[in-house]
Amino acid sequence: MPAWTALAVVVAMAVTGLAYAQSRVSLIPIAPKANASAHYVGSQACQSCHQEVYARWSKTKMANVVRDPKLHPDAVLADFSKPNPIVTFSLKDVDFVYGSGWKQRFFHKVGDTYIPYPAQWDVTHKSWSRYHVPDKGGDWWGPLYPDPKGDNSGRPTGPLCDGCHSVAYNIATSKPTEWNVGCEMCHGPGSEHAAHPARDNILNPARMDYIHANDTCIQCHSQGQPLKNPIEGKYYDWPVGYHVGLNLADFWKLEPHKLGELSFTHFPDGTAHKNRMQGNDFVQSLMYARGVTCFSCHDPHGTPNQAILRKPMGQVCLGCHVANGPNGPHAVSIEAHTHHKAGSPGSDCVACHMPKIQQTIADVNVAAHTFRFITPADSDALKIPNACNACHKDKTTAWTAEALAHWSDRSPWRMAN
């Protein structure tokens, strides 16, 4: 190799190395600074300047988590017209309805908090079912809030729910600044920004490193416990004291899990077993480690797509994962990778990498967020549902394993473990 060529290679490598090093700087976790003098003003204060975003957000499930049925009769999805032995209350007794996607629960006010009634509406099956967390064998807080009557009268929403269903819930007054997941839940107190709109006097997760950015969502989309519990004599099931811009890990620990054990919250491999555990899953994923954020795929301000995805489901994945692209899949086409016809359910990225195996109510499940491909061998060894047999319900795991063995582009070592 001529000397000048060797020199050019060395210079190019040095420049590339510098560029790579500079590109890594944005991944260094630096906590964004919150404005200590700002206070909460409510989402309505954002509307005049952010009309389009506000309009989209106002239609999202997050903006409508809890609603007063007297003010919003359209919020009621349940059928109160027919008698049902497990429904011991009437609509006029309901102060808040909670949820609209999979289930709807009903709260009534008792003192300075709310109590859920012991019946819930299954949105998918359009039917009533009992709602009661068992004192043992369920959520960690069950034994700490004994409910001998079985009617949820011992289960206040203030310590158990309201911190994630509102903005700036004050545990001293048992009141929030605003019910529902408003703008300031993700952007911090907005008084100064509302008075003098500027980039540097409001928090924006999109300008944060991936850890703090994802903390904004994980604070509520995870199962865990506050580091200090009880707090002022009560046990809380949400990260008291945390707000966007702080380190979530200083306030919240994710629910622990022992590998190999099936628990109320986890499958034996550590994949989430129940709903509201997207954060528990995601922090285990390679995408989280590579700096992907929740809002790389979802737009919390609202979209017409399922799960407020930025694009229709398949298109979101294919924005980064193209055939023979640097992020894979390593195949000449998507169909060659999935071994299913284009447009078929089996050719959707999420069908294999985000199987619906996490229970939300009855037989209605939501998608896993580890993005792992769960093999039939995993199902046999650890009793974790795999995507193939979830679709091919009439087949055995042996049939699935045999089929995968004939996919020459799959590593036999990975399929066997």
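The values are calculated or read from the model by the stated rules, or taken from the named source; none is laboratory data. No experiment lies behind these values; they were computed from the predicted model shown. Cβ placement follows ideal geometry from the backbone for every residue including glycine, while neighbour counts extend to all protein chains displayed. The protein model used for the area step is the full one, side chains on, heavy atoms only, and it has no ligands, DNA or RNA in it. Shrake-Rupley method; radii C 1.70, N 1.55, O 1.52, S 1.80 Å.
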Among the residues of region 138-157, count how many are surrounded by fewer than 19 Cβ atoms within 10 Å (Cβ to Cβ) and within 16 Å of residue 96 (Cα to Cα). 1
Candidates 332, 283, filtered to the one that is open to solvent by 40 Å² or more (accessible area, probe 1.4 Å) and in contact with a Leu (Cβ under 8 Å, 6 or more places away or on another chain): 283
Test residue 66 against the stated conditions and say whether it is touching a strand residue (DSSP E or B) at 6+ places or on another chain (Cβ under 8 Å), touching a residue at least 60 places away in the same chain (Cβ under 8 Å) and open to solvent by less than 30 Å² (accessible area, probe 1.4 Å). yes
Residues of region 127-150 that turn out to be of a type in the set (D, E, K, R), touching a residue at least 40 places away in the same chain (Cβ under 8 Å) and assigned to a loop (DSSP other than H, G, I, E, B), as a count: 1
What residue, among those in region 361-373 that are in contact with a helix residue (DSSP H, G or I) (Cβ under 8 Å, 6 or more places away or on another chain) and among the small types (Gly, Ala, Ser), is least open to solvent (accessible area, probe 1.4 Å)? 368
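Conditions (1) open to solvent by less than 20 Å² (accessible area, probe 1.4 Å); (2) in contact with a helix residue (DSSP H, G or I) (Cβ under 7 Å, 6 or more places away or on another chain); (3) part of a helix (DSSP H, G or I), marked per residue:
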residue	(1), (2), (3)
359	no, no, no
381	no, no, yes
384	yes, yes, no
402	no, no, yes
414	no, no, yes
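Being under 23 Å from residue 278 (Cβ atoms), part of a strand (DSSP E or B) and modelled with pLDDT of 95 or more: is that true of residue 366 here? Steps first, please.
Working: under 23 Å from residue 278 (Cβ atoms): yes; part of a strand (DSSP E or B): yes; modelled with pLDDT of 95 or more: yes.
It is true that residue 366 is under 23 Å from residue 278 (Cβ atoms), part of a strand (DSSP E or B) and modelled with pLDDT of 95 or more.
Restricting attention to region 244-276, which residues are outside any loop (DSSP other than H, G, I, E, B), open to solvent by 50 Å² or more (accessible area, probe 1.4 Å) and out of contact with any Phe, Trp or Tyr (no Cβ under 9 Å at 6 or more places or on another chain)?
Of everything in region 244-276, those that are outside any loop (DSSP other than H, G, I, E, B), open to solvent by 50 Å² or more (accessible area, probe 1.4 Å) and out of contact with any Phe, Trp or Tyr (no Cβ under 9 Å at 6 or more places or on another chain) turn out to be 246, 249, 253, 254.
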Return the pair list, or none, for Cβ contacts closer than 6 Å from residues in region 197-214 that are open to solvent by 20 Å² or more (accessible area, probe 1.4 Å) to residues that are outside any loop (DSSP other than H, G, I, E, B), at least 6 apart or on different chains. 201/192; 201/193; 202/187; 202/193
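A quick yes/no check of all residues on (1) of a type in the set (D, E, K, R); (2) surrounded by fewer than 18 Cβ atoms within 10 Å (Cβ to Cβ); (3) out of contact with any Pro (no Cβ under 6 Å at 6 or more places or on another chain):
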residue	(1), (2), (3)
316	no, no, yes
320	no, yes, yes
337	no, no, no
341	yes, yes, yes
353	no, no, yes
375	no, no, yes
388	no, no, yes
396	no, yes, yes
For region 241-260, does any single residue satisfy the condition of being of a type outside the set (Ser, Thr, Tyr), in contact with a Cys (Cβ under 8 Å, 6 or more places away or on another chain) and closer than 22 Å to residue 366 by Cα? no
From the option list 302, 314, 279, single residue qualifying as part of a helix (DSSP H, G or I), touching a residue at least 24 places away in the same chain (Cβ under 8 Å) and farther than 30 Å from residue 261 by Cα is 314
Being modelled with pLDDT under 95 and of a type in the set (Asp, Glu), is that true of even one residue in region 128-145? yes
Please determine, by comparing only the residues of region 386-397 that are touching a residue at least 12 places away in the same chain (Cβ under 8 Å) and in contact with a helix residue (DSSP H, G or I) (Cβ under 8 Å, 6 or more places away or on another chain), which one is farthest from residue 269 (Cα to Cα). 391
